[in-house]
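K.L.:
Before I ask anything, here is the structure I am working with.
Read-outs: derived from the displayed coordinates by stated rules, not from any lab. Because the structure is predicted, anything quoted here is derived from the model rather than measured. As a convention, Cβ positions derive from the backbone with ideal geometry for all residues, glycine included, and neighbour counts pool all protein chains shown.
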Amino acid sequence: MAKRDFLQITDFSREEVEQLFDLAKRMKARAYRETPLAGKTLAMIFAKSSTRTRVSFEVGAYQLGGRALFLSSKDIQIGRGEPIPDTARVLSRYVDGIMIRTYDHAEVEELARFSTIPVINGLTDLTHPCQVLADLFTVKEHLGGWEGKRIAWVGDGNNMANAWLEAATVLGFELRLACPEGFEPNIARYGAAKKHGCIMVTEVPEEAVEGAHVINTDVWASMGQEGEAEARRNAFKGYTVDAELMKLADPKAIFLHCLPAHRGEEVTADVIDGPQSRVWDEAENRLHVQKALLATLMGS
């Protein structure tokens, strides 16, 4: 069987996403007892540090009968200038799958091109597909699905916003993104999503949130953008998800955040810690969805 990679959500069809969620649901309910990763190893390359990505993939591999190796880019030769194709060829001889969390999306594509084993994108500056899969699974859990739902994004047109556009391309739901001028999402992903769903980009958060069933945000300055933090705080004034903004949403709307969160900046404490917040379910669901992903791509 030809190897499959997961570099962006559009690598999967609607049917494959739904099958993945069915498997994740069984895993979360402890109705899945198989060990498809028995005797197998996942290499985890981290150029960007992480809490949720590292722990969820490592625990997930273990629960499926396999093991995971944490490889900081500082500790392996890729961090000292070894060409990515060489690293890909060598790791393909040692392990059964690679998860990489890095900056440049082109590095992940190159790694996948030269690997003979599955490669999973744990995050790049362009997209964060594993997180948005977990978000969609959370939406399905709490709202029954995304059909007929309006999903709102408030904040930076970053890798999370791009991944939501990928998801809308595959699943065709309504997506509204509120981003300040100069912080819009990737134009190619926006164009692809416009062909498949009802997509709107606005500079007005209230337009995005009005009647929405899901309100989603992220930090204003992501990893690697710390030097821009002050400028970004000025650019994003008025983009805080607070109780007043949430009142414009559907009464049964849920709030999501990929974490870590800066309370008082992109979201107020009363929202992220309030009754509409589903961020802890969302964080847990990284484990279940990624286990389903590992079983699908690496399983016996």
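K.L.:
Between the helical axis of 84-94 and the dominant principal axis of the chain, each derived from Cα atoms, what acute angle in degrees is found, rounded to the nearest 10?
P.N.:
Approximately 60 degrees, to the nearest ten.
K.L.:
Round to the nearest 10 and give me the degree value, 0 to 90, for the angle of helix 52-63's Cα axis relative to the longest principal axis of the chain.
P.N.:
Once rounded, one gets 40 degrees.
K.L.:
If you don't mind, there's one more thing I want to ask. Using only Cα atoms, tell me the angle between helix 279-298 and the longest principal axis of the chain; keep it within 0 to 90° and round to the nearest 10.
P.N.:
30 degrees
K.L.:
Check each of the trypsin sites (Lys or Arg not before Pro) in segment 171-270 and keep only those in coil by DSSP with at most 12 other C-beta atoms within 10 angstrom; list them in order.
P.N.:
LYS195, LYS237, LYS247, LYS252
K.L.:
Now for a different question. In whole angstrom, note down how far apart the Cα centers of segment 196-245 and segment 111-162 are.
P.N.:
17 Å
K.L.:
If packing is taken as the average count of other Cβ atoms within 10 Å, what order do 123-135, 205-217, 141-153 fall into, highest mean first?
P.N.:
Values: 123-135: 25.4, 205-217: 22.3, 141-153: 18.6.
Highest-to-lowest ranking by the protection proxy: 123-135, 205-217, 141-153.
K.L.:
Still on this structure, please answer the following. For a protection proxy built on the mean count of beta-carbon atoms within 10 angstrom, sort 99-105, 275-281 highest first, please.
P.N.:
Result, highest mean first: 99-105, 275-281.
K.L.:
Run lengths n ≥ 4 of DSSP H only: what is the helix-derived mean residue ellipticity at 222 nm for the chain, with -39500 (n - 2.57) per run over all residues, to the nearest 500?
P.N.:
Computed mean residue ellipticity for the chain: -12500 deg cm²/dmol.
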